[in-house]
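Written out below as structure tokens is the structure these notes cover.
The values are calculated or read from the model by the stated rules, or taken from the named source; none is laboratory data. Here the structure is a predicted model, which is why all the values come from computation and not from measurement. Cβ: placed from backbone, ideal geometry, glycine included. Neighbour counts: every protein chain shown.
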Amino acid sequence: MIRNRQVEILLYLLKVKKTTHRELAQTFEVSVKTIQRDIDKLSVMGIPVTCKQGNQGGIYIEESYKLSSSFFNNEDLQSITLALSIYDSISTKKHKDSVMKKLALISPELIHLFDNDANEYFVVDLVDKKIDMTGDVYKEINYCLDEEQYLSLLVGEKRMVVAPISYVLRPEGLYLYAFEEEYVLIKISTIRHSEIMEMEFERRFKPYNKNETKCEYPEISR
């Protein structure tokens, strides 16, 4: 599955023609290690990304590569439009318009049509209250998801050190699916404090939707 940052990196490479791991890390505010993983994932998906060492080296995409014909098809663009609509429906911060403007460079007519369809025919009513995902706890969770580092949490009165795995959206709100000594599901609004740990982990956990040992996780109140 391609992540939003990887799409942004791809569009950035098509725009600037050539760059470096360090420049990409500074631009997208992640580590060089994370950028290397992103570039590897793009390569695995068939994007002709070239990395060369030396003074004349850098990261670039072959000039013959055409994003519109080989990366996104119509179904992809429609799915992205719906996904952005869902995100904007639950978040206090909107991302859809800025991303849609970039996608419009690929197929302006289709993007406009898909956007109209999403607004008119697709209504998302999942949560009673919009979620502010710009706070420090989300930044630290996102950092740990990217950098594969443990996160120390104060949830209610309970101290926890967890390996973040993914977000889980439920009708009751947004949760963090993580691993402590077992798999846990933490309602993010109950997190009183978070701190990034120096310890790293390897992402070898069961995905939420494939975890057959799910239990009814007790809700920890503030």
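Consider region 93-142 and keep the residues that are surrounded by 12 or more Cβ atoms within 10 Å (Cβ to Cβ) and among the polar types (S, T, N, Q). The one that is farthest from P164 (Cα to Cα) is S107.
In region 196-210, is there at least one residue being assigned to a strand (DSSP E or B) and over 30 Å from I39 (Cα atoms)? So far as region 196-210 goes, no, none of its residues is assigned to a strand (DSSP E or B) and over 30 Å from I39 (Cα atoms). Among all positions in region 161-172, there is no residue which is modelled with pLDDT of 80 or more, more than 24 Å from F205 (Cβ to Cβ) and under 16 Å from the mean Cα position of the chain (by Cα). Residue selection: K41 satisfies the criterion of being under 14 Å from the mean Cα position of the chain (by Cα) and either outside the structural domain of S166 (by TED's automatic domain parsing) or modelled with pLDDT under 85 (or both).
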